[in-house]
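The values are calculated or read from the model by the stated rules, or taken from the named source; none is laboratory data. Values in this document were obtained by computation on a predicted structure and should not be read as measured data. Counting neighbours? That spans all protein chains shown, and the Cβs are built from the backbone with ideal geometry, glycine included.
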Amino acid sequence: MNDQNIFCAVMMACFFGFAASDTRADIVKFVDKDGVLNFTDHFVAGKSEVFMRVRAHAPLPPIMLHEANRHRYLPLIHAAAAEHGIDPKFISCVIEAESGFNPGAVSRAGARGLMQLMPSTAMRYRVDNPFDPEANIYGGTRHLKSLLKKYRGNMKLTLAAYNAGEDAVSKYSGVPPFPETREYVSKILRNYNKSTALSDDAMVKIKIYRYTASDGSILLTDTPRLGREHN
């Protein structure tokens, strides 16, 4: 398991239980008799060493929360993208710029959720609860699809309208001269063109298996154990 996979394992460990336990749950690592590197919250003297210290109920660091949610909402992003004929990487880049993959995000202007839907936009696409990840992603994707159709596939204008509104794009006959909007458009296109959002992400390729032992300890590994895995 390389360093990137170790990060994924630890991230998933925190996300699925270590940080939420009722007692201190340090993450330890050990190599078993088959040479497989494992992570667990159960310390065994002489066999394991502390990999990361986690306080009980400690909040996830922002980067871990960001990456955990990116992975968590991947199926919804792909499903919405397939239904509306949009590259999932484009949707992911918009979500990253809008909310940093925080489903509870609220802007000063009142935009809500992963894709930061304004109340009027949410109403337009019948998103009753903008904090529901599935509803928000589908509503935001439909809005992107509508804008892409309106601007004949022009991603710059689509993003400008998503950020500043369609009226602003019409008024200036292009990307409005607002620093925030111009930086928003540039940032998303830069990330999109680098293809850093989804499809080739190592996290899509790695599969982490989670086991709960009879003593209640949790074990995560990238090697399945027949009849016991819970990924």
Taking the stated definitions as given, is Asn163 within 21 Å of the chain's Cα centre (by Cα), closer than 22 Å to Lys194 by Cα and not aliphatic (A, V, I, L, M)? yes
Residue among Tyr172, Tyr184, Tyr192 that is farther than 27 Å from Glu67 by Cβ and either at pLDDT 95 or above or surrounded by 14 or more Cβ atoms within 10 Å (Cβ to Cβ) (or both): Tyr172
Determine, yes or no, whether Tyr151 is modelled with pLDDT of 95 or more, in the same structural domain as Ala79 (by TED's automatic domain parsing) and closer than 19 Å to Gly113 by Cα. no
Got at least one residue in the range 107-126 being more than 21 Å from Gly165 (Cα to Cα), assigned by TED's automatic domain parsing to the domain that holds Lys145 and surrounded by 14 or more Cβ atoms within 10 Å (Cβ to Cβ)? no
Looking at the range 99-119 only, could you name the residues that are in a helix (DSSP H, G or I) and modelled with pLDDT of 95 or more? Pro119
